[in-house]
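Notes follow the structure.
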Amino acid sequence: MTTSRPNGSLYTKIENRIATIEFGHPASNSFVAELLQRLTDEIHSISGNNEVTVVVLKSEGERAFCAGASFDELVAISNLEEGKAFFSGFANVINAMRTCKKPIIGRIQGKTVGGGVGLASACDYVYATEAASIKLSEVSIGIAPLVIAPAVERKIGKAGLAELSLHPTEWKNAYWAKEKGLFSKVFDSISAMDKELEFHLLKLASYNAEALALLKTALWEGTEHWSELLVERAEQSGQLALSKATKAALDKFKK
């Protein structure tokens, strides 16, 4: 069951030193700007919480994990300021995940597109089901996955990023994602995934939080410039969203 709230929902539960952040939206768990900001703020808050050792990022329901950013908000962009702000939403979330002092474990139960692939890529370890196919559809609607590209490339390499982004209508299955390094484990059902995930989380939560924090820093070494890079990419994406070619592609897609 997913939320019916037009601005989406975000809930955090902390138990046994595990923070579970769950987001949802009636449009296949996509993200409006407000929900992206709430998620960014929540990750920053959890990062400084000494009662938390490990974080789980999940979405509501049993179908799509995340359909990316709000299509309605993308279509409504009318100037560069709005465009930059729109694309900065995922830039801010990815940077928050990158700098979070706790390892973030992703739980991917279903299909994920665009920015959702960026979220999965920004997790430190990912559990997924066989239903968790992925796609980068941006080029097909006149834009490009510029903001999430560094996170995706960090996990699956430049060749994998090219394979995903230059065939924007093709779904890649969960085993492709695992082979490339995006997913850590793939299960044949949600129940099987959750059973092993719970066991793993309890183990992680029992370990030295300081050691995990230092490991997290080491895993993300070399990405310090992303604070500026992803914002630059957001501005480039905002410019693309205003182009005649993109507006035409979006109008065609709406029909």
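Quick notes
- The one condition in (1) under 22 Å from Ser30 (Cβ atoms); (2) at pLDDT 95 or above that Lys254 fails to fulfil: (2)
- Scope segment 221-243; condition under 30 Å from Glu82 (Cβ atoms) and either in a loop (DSSP other than H, G, I, E, B) or open to solvent by 90 Å² or more (accessible area, probe 1.4 Å) (or both); matching residues: Thr223, Glu224, His225, Glu228, Glu232, Gln239, Leu242, Ser243
- Set Ala27, Ala85, Ala91: member being under 30 Å from Lys244 (Cβ atoms), under 14 Å from the mean Cα position of the chain (by Cα) and touching a residue at least 40 places away in the same chain (Cβ under 8 Å): Ala91
- Considering the conditions (1) exposed (fewer than 13 other Cβ atoms within 10 Å of the Cβ); (2) under 30 Å from Ile141 (Cβ atoms), Ser191 is excluded by exactly one of them, (2).
- Residue match in segment 219-229 (condition: touching a residue at least 24 places away in the same chain (Cβ under 8 Å) and on the phi > 0 side of the Ramachandran plot): no
- Residue check for Glu22: in contact with a Lys or Arg (Cβ under 9 Å, 6 or more places away or on another chain), closer than 19 Å to Phe90 by Cβ and open to solvent by 50 Å² or more (accessible area, probe 1.4 Å): yes
- Residues in segment 119-142 that are without any contact (Cβ under 8 Å) to a residue 40 or more places away in the chain and under 24 Å from His200 (Cα atoms): 1 in all.
- Restricting attention to segment 152-173, the residues that are touching a residue at least 60 places away in the same chain (Cβ under 8 Å) and in a helix (DSSP H, G or I) total 1.
- Checking Val139 against (1) in a helix (DSSP H, G or I); (2) of a type outside the set (D, E, K, R); (3) out of contact with any Pro (no Cβ under 7 Å at 6 or more places or on another chain), the condition it does not meet: (3)
- The residues of segment 162-186 that are hydrophobic (A, V, I, L, M, F, W, C), open to solvent by 20 Å² or more (accessible area, probe 1.4 Å) and either under 30 Å from Leu242 (Cβ atoms) or at pLDDT below 95 (or both), listed by number, are Ala162, Leu166, Trp171.
- The residue of segment 46-93 that is surrounded by the fewest Cβ atoms within 10 Å (Cβ to Cβ), among those that are among the β-branched types (Val, Ile, Thr) and more than 21 Å from Glu198 (Cα to Cα), is Val75.
- Selection from segment 113-139 of residues that are in contact with a Lys or Arg (Cβ under 6 Å, 6 or more places away or on another chain) and open to solvent by less than 10 Å² (accessible area, probe 1.4 Å): Ser121, Tyr127, Ile134
- The set of residues from segment 101-138 being among the small types (Gly, Ala, Ser) and either in contact with a strand residue (DSSP E or B) (Cβ under 6 Å, 6 or more places away or on another chain) or within 15 Å of Thr169 (Cα to Cα) (or both) comprises Gly106, Gly114, Gly115, Gly116, Ala120, Ala128, Ala132, Ser133, Ser137.
- The listed residues are Arg107, Arg98, and the only one of them that is in contact (Cβ under 8 Å) with a residue 12 or more places away in the chain, farther than 15 Å from Ile190 by Cβ and either among the charged types (D, E, K, R) or in contact with a Gly (Cβ under 6 Å, 6 or more places away or on another chain) (or both) turns out to be Arg98.
- Pairs, first more than 11 Å from Ile18 (Cα to Cα) and open to solvent by less than 50 Å² (accessible area, probe 1.4 Å) in segment 199-214, second of a type in the set (Lys, Arg) and outside any helix (DSSP H, G or I), C-beta under 8 Å, six or more apart: Ala209/Arg17; Ala209/Lys102; Leu212/Lys102; Ala213/Lys101; Ala213/Lys102
The values are calculated or read from the model by the stated rules, or taken from the named source; none is laboratory data. As the structure is a computational prediction, the values presented were derived from the model and not from experiment. Every residue, glycine among them, receives a Cβ derived from its backbone with ideal geometry; neighbour counts consider all protein chains shown. Each accessible area value is taken on the protein alone, full model and side chains, heavy atoms only, with ligands, DNA and RNA left out. Shrake-Rupley method; radii C 1.70, N 1.55, O 1.52, S 1.80 Å.
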